[in-house]
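The values are calculated or read from the model by the stated rules, or taken from the named source; none is laboratory data. Quantities reported herein were computed from a predicted structural model and do not represent experimental measurements. Cβ sites come from the backbone with ideal geometry, for glycine too, and all protein chains shown count toward neighbours.
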């Protein structure tokens, strides 16, 4: 197992939701964590809570991500990274009026791919480069591990999720080739595809709770939304389990999403 004590880590999208949960569990295991996000207030708070650091960075900005990695390297041996930053998207491929103008906005589609897919690859290629410069920690020549976040929308994309599903499907699709690329450097890479996880993205209040209750129709068992801590636990396992490599793990209560 990879011992996280005395090491550093980087979590994109770490200021809230799934990224925050992963950052907190990494810190609980002894890692010093750099939170990478665009929400300064939340990012600084989480970093303060866990004794880490916060770096404001757009994951598509190479120089900003490198600055975040440098900050992590100053906190300990850089061993792990979690690419959790991403944006949601919903729009049908064509409009109802038959006009070209009402078809899915191409700039919007490109933005989703840019953040969710290219941003993840940018994070992986840069963090892996930094991890490759460290000394191996075991007789297998292992140096560290990276986990990316996709979604079950990569497999069961719903109506209006063309851009989102494409971006998440791309993350799944590049998991095996990247894991093969990084093997020579002693770095493992895995992907988690979460299902319906209860995070602040759904809001609060009676209407929000009613909406979340309707979502669990597609979940087989347990008949509820997952928690951020359950998702973070899977991320941590894939980081520290030194035989986990090249896998995409669905964490979804056996959910299979209906068209809408």
Subset of segment 185-229 [without any contact (Cβ under 8 Å) to a residue 24 or more places away in the chain and in contact with a strand residue (DSSP E or B) (Cβ under 8 Å, 6 or more places away or on another chain)]: 212
Members of segment 175-184 found to be free of Cβ contacts under 8 Å to residues at least 24 places away in the same chain and closer than 14 Å to residue 248 by Cβ, listed by number: 177
Output for segment 179-207, where each listed residue is more than 24 Å from residue 257 (Cα to Cα) and surrounded by 22 or more Cβ atoms within 10 Å (Cβ to Cβ): 182, 187, 188, 189
Residues located in segment 188-232, provided they are farther than 18 Å from residue 16 by Cβ and assigned to a helix (DSSP H, G or I): 206, 207, 209, 210, 211, 213, 214, 215, 216, 217, 218
For residue 150: the one exception among (1) closer than 25 Å to residue 258 by Cα; (2) touching a residue at least 40 places away in the same chain (Cβ under 8 Å); (3) surrounded by 13 or more Cβ atoms within 10 Å (Cβ to Cβ); (4) over 13 Å from the mean Cα position of the chain (by Cα): (4)
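So for segment 135-152 (the condition being in a helix (DSSP H, G or I), modelled with pLDDT of 95 or more and farther than 19 Å from residue 7 by Cβ), does at least one residue qualify?
There is no residue in segment 135-152 that is in a helix (DSSP H, G or I), modelled with pLDDT of 95 or more and farther than 19 Å from residue 7 by Cβ.
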Meets criteria (over 15 Å from the mean Cα position of the chain (by Cα), within 22 Å of residue 14 (Cβ to Cβ) and either surrounded by fewer than 21 Cβ atoms within 10 Å (Cβ to Cβ) or without any contact (Cβ under 8 Å) to a residue 60 or more places away in the chain (or both)) for residue 118: no
